[in-house]
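Read through the structure below, which is laid out as structure tokens, and then see the notes.
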Amino acid sequence: MTTDIWFGVHVPPEGRDFQEMQRICQSIEAMGFDLFTVTDHFMNMRNPEGISNHPLECWTTLAGLAAVTNRIKLGPLVSCYGYRRPTVLAKMATTVDIISQGRLIMGLGAGWHEAEFHGFMDDFPSVPERLRGLRETIKICTQMFQQERTSYSGQLYQVHNVLNAPQPVQSSIPLMVGGGGEQVTLRLAARYADISHFFTRDTETLDHKLNVLRHHCDSVGRPYTDIRKATSMNVFFRSSSGTEGNSPTEVTAMIQDYIDRGIGLITFRFTGLDNLQRLAAKVLPQFRAN
């Protein structure tokens, strides 16, 4: 049982110092996972006004992790377009790609955390404006990754012959568009993304989102198979004492079901290193080429 599927681990940095993030990331790399992602937030997602457990900044964390890892891909899941000007964001992403020697996955999304927008960016744009900003940011960043000089004229952003040098190590940094919005976000993924990542609660929703993405690919004239489809999964193994959880056989079957439906990347939510070690040892080898 082999297939071209990536396995990632998503670790929110809330309440974690860099030493812990480094230890977790290096351990996950050693286990053989393909991708390590962090959230792009300035405040605790669930308790933004609290006094504790706020996160490290996403991109400086990724830069630090890029310097202390060797193989694993790194990226935000996903970076909010509106927290940095697109030109600055592209330069930051280029730098992380250079530090990592070509291991960056560029995750981008429209953003949703109202308290962060108000606190750090002064206002909270409407949904149409955020989606417009995502589209324009994708265009600007993509151009800056592929050429030294970029000009762009949009409704929100104007770029005049900006220089991005040195260029990324990767000739085209893979773009991961995050979000399952069916009218705009999945259409943007169909047009621009190398990876389309969305969250689902059940396989019925998963199939529906994949069908929407396929429809958008047809409408923009792009092969559906060009895009790596991605979603997240929680895995908890049953302990020897019989506590609630799954067996390796059950987890393997769940993953195979996702693959059969078209998924090419699964990002596992961080459930502790011991749990992930069992996943890496007992399940992932079933999906690796010998």
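The values are calculated or read from the model by the stated rules, or taken from the named source; none is laboratory data. Since this is a predicted model, take the numbers as computed values, not measurements. Cβ sites come from the backbone with ideal geometry, for glycine too, and all protein chains shown count toward neighbours. Heavy atoms of the whole protein, side chains included, go into the accessibility calculation; ligands, DNA and RNA do not. Shrake-Rupley method; radii C 1.70, N 1.55, O 1.52, S 1.80 Å.
Of the residues contained in region 77-89, one or more are found to be of a type in the set (A, V, I, L, M) and surrounded by fewer than 20 Cβ atoms within 10 Å (Cβ to Cβ). Which one of I24, I28, I5 is surrounded by fewer than 20 Cβ atoms within 10 Å (Cβ to Cβ), in contact (Cβ under 8 Å) with a residue 40 or more places away in the chain, within 19 Å of the chain's Cα centre (by Cα) and farther than 12 Å from G75 by Cα? Sole residue among the options that is surrounded by fewer than 20 Cβ atoms within 10 Å (Cβ to Cβ), in contact (Cβ under 8 Å) with a residue 40 or more places away in the chain, within 19 Å of the chain's Cα centre (by Cα) and farther than 12 Å from G75 by Cα: I5. The set of residues in region 67-95 being of a type in the set (A, V, I, L, M), in contact with a strand residue (DSSP E or B) (Cβ under 6 Å, 6 or more places away or on another chain) and over 24 Å from M43 (Cβ atoms) consists of I72 alone.
Of all residues in region 72-96, those satisfying the criterion of being small (G, A, S) and over 18 Å from V9 (Cβ atoms) are G82, A90, A93.
From the list G245, G262, pick out the single residue that is surrounded by fewer than 16 Cβ atoms within 10 Å (Cβ to Cβ) and small (G, A, S). It is G245.
Looking at region 33-47, which of its residues are open to solvent by less than 30 Å² (accessible area, probe 1.4 Å), in a loop (DSSP other than H, G, I, E, B) and over 19 Å from A110 (Cα atoms)? F33, D34, listed by residue number.
Conditions (1) within 20 Å of I263 (Cβ to Cβ); (2) of a type in the set (V, I, T); (3) open to solvent by 70 Å² or more (accessible area, probe 1.4 Å); (4) assigned to a loop (DSSP other than H, G, I, E, B), marked per residue:
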site: R135; (1), (2), (3), (4): no, no, yes, no
site: M144; (1), (2), (3), (4): no, no, no, no
site: H160; (1), (2), (3), (4): no, no, yes, no
site: S171; (1), (2), (3), (4): no, no, yes, yes
site: M176; (1), (2), (3), (4): yes, no, no, no
site: L188; (1), (2), (3), (4): yes, no, no, no
site: S196; (1), (2), (3), (4): yes, no, no, no
site: L206; (1), (2), (3), (4): yes, no, no, no
site: T225; (1), (2), (3), (4): yes, yes, yes, no
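Assessment of region 206-220 against the conditions (at pLDDT 95 or above and closer than 29 Å to V96 by Cα) yields no matching residue.
Restricting region 231-264 to residues that are of a type in the set (D, E, K, R) and outside any helix (DSSP H, G or I) leaves a set whose member that is modelled with the highest pLDDT is R238. Given the criteria among the hydroxyl-bearing types (S, T, Y) and in contact with a His (Cβ under 9 Å, 6 or more places away or on another chain), does Y152 qualify? So Y152 passes the test. Is one or more of the residues making up region 253-267 under 23 Å from the mean Cα position of the chain (by Cα) and among the polar types (S, T, N, Q)? Checking region 253-267: at least one residue is under 23 Å from the mean Cα position of the chain (by Cα) and among the polar types (S, T, N, Q).
Among the residues of region 111-128, those that are loosely packed, with under 15 Cβ neighbours inside 10 Å and free of Cβ contacts under 8 Å to residues at least 60 places away in the same chain comprise W112, E114, H118, D122, D123, S126, V127, P128. It is to be established whether one or more residues within region 94-109 are touching a helix residue (DSSP H, G or I) at 6+ places or on another chain (Cβ under 6 Å) and in a helix (DSSP H, G or I). Yes, because at least one residue in region 94-109 is touching a helix residue (DSSP H, G or I) at 6+ places or on another chain (Cβ under 6 Å) and in a helix (DSSP H, G or I). Do we find a residue being modelled with pLDDT of 95 or more and part of a loop (DSSP other than H, G, I, E, B) anywhere in region 80-91? Within region 80-91 (the criterion being modelled with pLDDT of 95 or more and part of a loop (DSSP other than H, G, I, E, B)), the answer is yes, since at least one residue qualifies. The residue of region 146-158 that is least open to solvent (accessible area, probe 1.4 Å), among those that are among the polar types (S, T, N, Q) and not in a helix (DSSP H, G or I), is T150. Taken as a whole, the structure places A66 among residues that are surrounded by 15 or more Cβ atoms within 10 Å (Cβ to Cβ) and on the phi < 0 side of the Ramachandran plot.
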